[in-house]
Amino acid sequence: MRNNGHYEKGLSCSFGDKHAADKLVQNIAIGYLAGWDDLADADGLLRKLFETDNTEYISELVTFMGTFRDRDDEKLRRKIKPLWKAIIEKVAPNLEKDEYRIIASNLGKWLSLVDTIDDDVYELLQIFVEAIEENWNSGFFIEYLRRHVIKTPTMVGNLYLKMLNAGTYPDYKKEDIIAIVQALYDLNEKESAIRICNIYFSKGFEFLRETFEKLN
């Protein structure tokens, strides 16, 4: 279909049917994952998608890619980071706009698509963590932070504090938050753990009190 321009023409259309628009984006994403398209290709469909600046397309791309979470697929992981960067380039300058903040929030689920928080992923996460609760995604984000805290406790602690300092104080799931704080204590990130507890206490949340008192 790409050869006869159907997808490219579709990107320039104004769809009355959201389902049709979503399927177009999904097919382009599948082509990228399969290696039929490349972000480096100026004439590639994914590049054309970003050039439209259509937030509905970008939003569907983020949502659709999130459905691949928890897959043990090295090829998928290699594809995620370049795509993540391309989306952030569109989102970061527009974080004051609601539609972009929702996209940023949904990107929090992409933490499940990587096997470790390396320097690149850490930088990407820092850009949008302040908007994580815009679409009620802090619970997912915390769940995935818990999975990464053993490997990268310093980065997880810093990201959690950045989220709190942006005014987001999630309390779901409490067991994930407690586990993160416990791990930070155990992995020589005691200062971050104490700061997390104290911020919660200052906002009237007491569910970390028992853990705090046990570890101090």
Out of VAL62, VAL91, which single residue is assigned to a helix (DSSP H, G or I), closer than 17 Å to VAL129 by Cβ, touching a helix residue (DSSP H, G or I) at 6+ places or on another chain (Cβ under 8 Å) and free of Cβ contacts under 8 Å to residues at least 40 places away in the same chain?
VAL91
Residue in the stretch 68-104 that is surrounded by the most Cβ atoms within 10 Å (Cβ to Cβ), counting only those that are farther than 15 Å from VAL121 by Cβ and aromatic (Phe, Trp, Tyr):
TYR100
Selection count, the stretch 129-141, where residues are over 14 Å from GLY66 (Cβ atoms) and crowded, with 24+ Cβ neighbours inside 10 Å:
2
Having 2 or more residues that are under 18 Å from GLN126 (Cα atoms) and among the acidic types (Asp, Glu) is the bar; report the helices (runs of 4 or more DSSP H) wholly within the stretch 148-213 that clear it.
none
Those residues of the stretch 33-48 which are more than 19 Å from SER12 (Cβ to Cβ) and of a type outside the set (A, V, I, L, M, F, W, C), in sequence order:
GLY35, ASP38
Scanning the stretch 178-188 for residues that are surrounded by fewer than 20 Cβ atoms within 10 Å (Cβ to Cβ) and under 16 Å from ILE142 (Cβ atoms) gives ILE178, ALA179, GLN182, ALA183
With the condition kept exactly as written, say whether any residue in the stretch 36-53 is outside any helix (DSSP H, G or I), under 13 Å from the mean Cα position of the chain (by Cα), at pLDDT below 95 and of a type in the set (A, V, I, L, M, F, W, C).
no
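The values are calculated or read from the model by the stated rules, or taken from the named source; none is laboratory data. Small disclaimer: the values here were computed from a predicted structure and weren't measured. Every residue, glycine as well, gets a Cβ built from its backbone with ideal geometry; the counts of neighbours run over all protein chains shown.
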